[in-house]
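This report refers to the structure that appears directly beneath it.
The values are calculated or read from the model by the stated rules, or taken from the named source; none is laboratory data. Please read all numbers here as calculations on a predicted model, not as lab measurements. Cβ placement follows ideal geometry from the backbone for every residue including glycine, while neighbour counts extend to all protein chains displayed. Ligands, DNA and RNA are excluded from the accessible area calculation, which covers all protein heavy atoms including side chains. Shrake-Rupley method; radii C 1.70, N 1.55, O 1.52, S 1.80 Å.
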Amino acid sequence: MTAFLGELIGTALLIILGDGVVANVVLNKTKGNNSGWIVITFGWAMAVFIGVFSSAAASGAHLNPAVTIAFAAIGKFDWALVPVYIAAQFAGAVVGAIIVWLAYRQHFDATENAADKLAVFCNAPAIRNTTSNIITEIIGTFVLVFAVLKIASPANSLGALDALPVAFIVLAIGLSLGGPTGYAINPARDLGPRIAHAVLPIKNKGINDWSYSWIPVAGPIIGGLIAAFLFRAIG
C-alpha cells in the first residue's frame, strides 16, 4: 500500500505541475498566457523533480509505466508489482488532471479553442504521421529510460536526489526532442489525463483524439524496453 500511494501521489504531483504549466501557457486570461515552449519545458522538468523527490522513499518513484516495465524486463523490478505500480500511475494521472481543471476552471471557460483545452491534458503531434510520431516517442523514451538506469545504478545513485538529474534529462528531452509530438515519454502522463478530459464537464471541449492516443502509450513502452535491453547488454 505504501508503494501504491507513493506512485499515485508522485504521479499526481507530476501531472498537477506538468499539465498545470501547459494550462498557464495556453489557456486564455492566465498570468502566463503565451509565455511559450521554454516555460512549458522548464515547468515539466520541475514537475518531474517534485514528483520523483516526493515519492522516491515510498516507491522508488517510477511514475511512468514505461520505466516500470523496462525495469521489470531486465530483472530490476518484480513483475508481480508491475500491475500495482501501473494502476497507481494511471490513477494519479487522472487525479492530477482533475485538480488542474479545478485550478483553471474559469480559464477553460474563457478559452474558445478546443485544441488548446485538449493540449492541457495530453499530446498531439505537430505534423501527424503515425510512423514518424511513434519513432519520436521511442527515441525520447529511450533517452529517458537509458539515462534513468544509469543514474539508478549503485555507482551513480544519489538516493532521493536522483530526482534532480532526472529532471534535467526531461528538460533536455523537451528542449531537443519535444517539438514533433510534445514528448509524452510516459503512457500514464498522456492517457490518464486524456481520460479525465473525456469525462470532465469542460465547456465546448471538442474531441479527445482517441485515434492518436495509442502512440504515446506504445512508443514509450517500446523505447523503454530498447533502452533497458541495451543497458543490460553493455552493463
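Highest mean first, the peptides 208-220, 139-151 sorted by other C-beta atoms within 10 Å per residue fall in the order 139-151, 208-220. Counted residue by residue at 0.36 nm each, then reduced by the alpha carbon distance between them, the extension gain from Ser132 to Asp209 reaches 26.0 nm. Quick one: how many lysine pairs in the chain have C-alpha atoms under 14 angstrom apart, if they're 8 or more apart or on different chains? Lysine pair count for the chain: 4. Note on the chain: GNM, Cα springs under 10 Å; of Leu171, Leu13, Leu63, the largest mean-square fluctuation is that of Leu171. Shown in residue order for segment 14-25 are the 3J(HN,Hα) couplings computed by the Karplus curve 6.51 cos²θ - 1.76 cosθ + 1.60 at θ = phi - 60°: 4, 6, 4, 7, x, 5, x, 5, 5, 4, 5, 7 Hz (x for Gly and Pro).
Per atom type, segment 158-235 shows carbon and sulfur on 74% of its accessible surface, probed at 1.4 Å. In this structure, Ser153 and Glu112 have a Cβ-Cβ separation that, at R0 = 41 Å, corresponds to a calculated FRET efficiency of about 0.25. Projected label points at Ala57 and Ala103, each 7 Å from Cα along the beta carbon direction, are separated by 2.4 nanometres.
Would you give the gap between the C-alpha center of segment 56-91 and the C-alpha center of segment 173-235, rounded to a whole Å? Distance between centres, Cα-based: 16 Å.
Averaged per residue, the chain has 43 square angstrom of accessible surface, using a 1.4 angstrom probe with ligands and nucleic acids left out.
With +1 on each Lys and Arg Cβ and -1 on each Asp and Glu Cβ, how big is the dipole of segment 1-129 about its Cα centre, in debye rounded to the nearest 20? Dipole size: approximately 160 debye. Can you tell me the dipole magnitude for segment 77-225 around its Cα centre, using point charges on the Cβ only (Lys, Arg +1; Asp, Glu -1), in Debye to the nearest 20? Its charge dipole is roughly 160 debye. When the Cα gyration tensor is reduced to axis lengths a ≥ b ≥ c, the ratio a/c is 1.5 or higher for the chain, and with a/b above b/c it is classed as prolate.
For segment 37-85, the gyration tensor built on C-alpha atoms gives a prolate shape. Its axis ratio a/c (a ≥ b ≥ c) is at least 1.5, and a/b is the larger of a/b and b/c. Peptides 82-95, 33-46 ordered by packing proxy, namely the average of other Cβ atoms within 10 Å per residue, highest first: 82-95, 33-46. In order along segment 182-199, the phi-based Karplus estimate (6.51 cos²θ - 1.76 cosθ + 1.60, θ = phi - 60°) of 3J(HN,Hα) comes to x, 6, 4, 6, 6, x, 5, 4, 8, 6, x, x, 4, 5, 4, 4, 5, 9 Hz; Gly and Pro are listed as x.
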